[in-house]
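The values are calculated or read from the model by the stated rules, or taken from the named source; none is laboratory data. Quick caveat: nothing in here was measured; it's all calculated off a predicted structure. Cβ: placed from backbone, ideal geometry, glycine included. Neighbour counts: every protein chain shown. Heavy atoms of the whole protein, side chains included, go into the accessibility calculation; ligands, DNA and RNA do not. Shrake-Rupley method; radii C 1.70, N 1.55, O 1.52, S 1.80 Å.
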Amino acid sequence: MEEFVKLSPELIAELTAVAGSTNILTDPDSVETYSKDFYWYSPILKAKLDSKRADAVVKITNLEMLKKVVSLCYKAEVPITLRGAATGNYGQCVPLYGGVVLDLNGFDRILSLEGGVARCEPGAKLGTIENEARKVGYELRCYPSTWVKASIGGFVGGGSGGIGSITYGGIRDADNVKSLTLLTVEAEPKLIRLEECDTIKAQHTYGTTGIMVELEMRLGVKRSWDQLAFSSTSFDALLDFTANVATDDQIPKRLVTLHEWPIPSYFKPLKKWLPADQHVTFLEIESGAASDAVTAKAAAAGISMCHFIPAHEPRRSPMLSDYTWNHTTLWAIKQDPTLTYLQSGFGENYREKFKLLRAKFPDEIYFHLEFVKGNAKMGERFSAAGCGGIPIVRFKGAKRLQELIDYCTEIGVFTANPHTYFLEEGGRHPEIASKRALKAEADPRALLNPGKMKTYPINPFAKEPASV
Ligand code: FAD
């Protein structure tokens, strides 16, 4: 059994004094709302996390307030869970041991966009940054399909990449992150500034390695993006065309997604455009010559265009990206709650791997593919675009899901498992030792999101010691 923390009335009074009564929530409905994210995509996480609750929520609006709140939580030794827009999918924002949720949405200024670098407070919305950047000739390099709501702090703390990753890779790739400034959890919280490659140890750590209070992310040069949808009855023909566009470096692009039928049938608002029983590809391509060239490529390959949304400034709905990345899974689960998902890297010979998976798991896996560039260290050039994706999976129990994941491993398909809340099990963390070292420095009492970094040796709230 775990030990749950209860906040003392004295601590609540002290938090109220420093944050103001309107910024503290302790009523059961609010606390429940602020203790959840999108973990319910996974039936496994749903069963594990549904009952977890914080004891109080503090809405942070600025750094000075944050420092005082953190100092009080440190002295009282209570768990602290950081929360942006809470669109994460792995229970990253769900407190396992109660304590305080810090809602960072109001700590959200864009401090500068000069020189093609967005310098922001953590709660700044990616959609707002994109819109403001476009006014001065820039745009986000990559962003999640939840860009309208998601915060920059939450993206770096819990996301990986998304729209734009076909050109710029994921968050951690190349020089996308310029710097991160962290606040430590101590009686007198300090700032730690990390730059360039060194920021990787603070990325994708689910708010366990310090509180990001300022982020600098490099921007791309603004382009105008047409949105194009193509369809075909032949999966292989559509895949050939899509892979060709993905790997053609002469074509400026932001999105290359392919959905196997029946996935398009889940997109109810697009029903009038998407032909029944056909696989579809959604693209964002620079308008003008590039968009024309892609349309010509499709025609030459016998692939039909089924929808076209010309570029518009400012960018506005409808967005085909609302049906890509992990939005696809949302549409699928809405239509059929027995569906769930995996996050896969298909590597070399992916066509062969699709065949093997279909043969072994017929009608249990449908391919939603996202093409991305990845794994470019600072100063290196990207290799050709790779084929990853978020396949839709019919859930037939935890054992069967594990069989699927094991088979993927056997045939060389990498899985970033979205059915675990342990950060080490959810993806690749080759630098986990440096993440643990950063946590020791930034969070000496191990109060930040306890239980999420599985290999961290100290968890004051767990009965069992961690397995390092
Ligand atoms: P939150 O969920 O609030 O937080 C994420 C993690 O970061 C938490 O562990 C939190 O504690 C931590 N954190 C938050 N702020 C800070 C801070 N200041 N300092 C340190 N840690 C912090 N993800 C992608 O990468 N790409 C996608 O395309 C994508 N598509 C999605 C589509 C849907 C429909 C859904 C539901 C999710 C999707 N996601 C995707 C996941 C998620 O939306 C993104 O990762 C998003 O950027 C998270 O931002 P957020 O503000 O909601 O973060």
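Here is how the numbers come out for the structure above:
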{"quantity": "Most positive-pole-ward Cα, LEU238, LEU219, HIS279, against dipole of the range 217-284 from beta carbon charges", "calculated": "LEU219"}
{"quantity": "Charge dipole magnitude, Cβ of K and R +1, D and E -1 - the range 164-320, Cα centre, debye nearest 20", "calculated": "520"}
{"quantity": "Accessible area (Å², per residue) of the chain, counting only protein heavy atoms and a probe of 1.4 Å", "calculated": "40"}
{"quantity": "43 Å tail of the calculated P(r), the chain, as % of Cα pairs", "calculated": "14"}
{"quantity": "Residue among LEU111, ALA19, THR338 farthest towards the positive dipole end of the chain, charges placed on Cβ", "calculated": "THR338"}
{"quantity": "Rg followed by Dmax, in Å, when the range 315-449 is reduced to its Cα trace", "calculated": "17.5, 50"}
{"quantity": "Burial order of peptide ranges 36-43, 187-194, 385-392, 448-455 (average beta-carbon count within 10 Å, highest first)", "calculated": "385-392, 448-455, 36-43, 187-194"}
{"quantity": "Reachable lysines from LYS439, criterion Cα separation under 21 angstrom, eight or more residues apart if same chain", "calculated": "LYS67, LYS68, LYS75, LYS178, LYS190, LYS201, LYS452, LYS454, LYS463"}
{"quantity": "Cross-link partners of LYS253 among aspartates and glutamates (Cα-Cα below 14 Å; sequence separation of 8 or more within a chain)", "calculated": "GLU139, ASP226, GLU284, GLU286, ASP292, GLU370"}
{"quantity": "Cα-centred dipole magnitude for the chain, charges only on beta-carbon of K, R (+1) and D, E (-1), debye, nearest 20", "calculated": "340"}
{"quantity": "Heavy-atom accessible surface of the chain: percent carbon and sulfur, 1.4 Å", "calculated": "53"}
{"quantity": "Ellipsoid semi-axes in whole angstrom, largest first, where each is sqrt(5λ) of the Cα gyration tensor of the range 263-325", "calculated": "20, 18, 9"}
{"quantity": "Largest to smallest principal axis extent of the C-alpha atoms in the range 22-149, angstrom", "calculated": "46, 37, 22"}
{"quantity": "Mean-position separation - Cα centroids, the range 399-428 and the range 282-335, in angstrom", "calculated": "30"}
{"quantity": "Dipole axis of the range 1-74 (+1 Lys, Arg; -1 Asp, Glu on Cβ), positive-most option in LEU72, SER35, PRO9", "calculated": "SER35"}
{"quantity": "CD proxy at 222 nm, helix term only [per DSSP H run n ≥ 4: -39500 (n - 2.57); per residue of the chain; nearest 500]", "calculated": "-8000 deg cm²/dmol"}
{"quantity": "Under 20 Å from LYS396, Cα to Cα: lysines that are on another chain or at least 8 residues apart", "calculated": "LYS46, LYS48, LYS334, LYS360"}
{"quantity": "Square roots of 5 times each gyration tensor eigenvalue, C-alpha, the range 1-58, largest first, Å", "calculated": "26, 14, 7"}
{"quantity": "Span per principal axis, largest first, for the Cα atoms of the range 210-343 (Å)", "calculated": "48, 42, 26"}
{"quantity": "Sequence of ARG119, ARG109 when ordered by accessible area, the most exposed leading, probe 1.4 angstrom", "calculated": "ARG109, ARG119"}
{"quantity": "Label-point separation, SER234 to ASP175 (7 Å along Cα→Cβ), nm", "calculated": "4.4"}
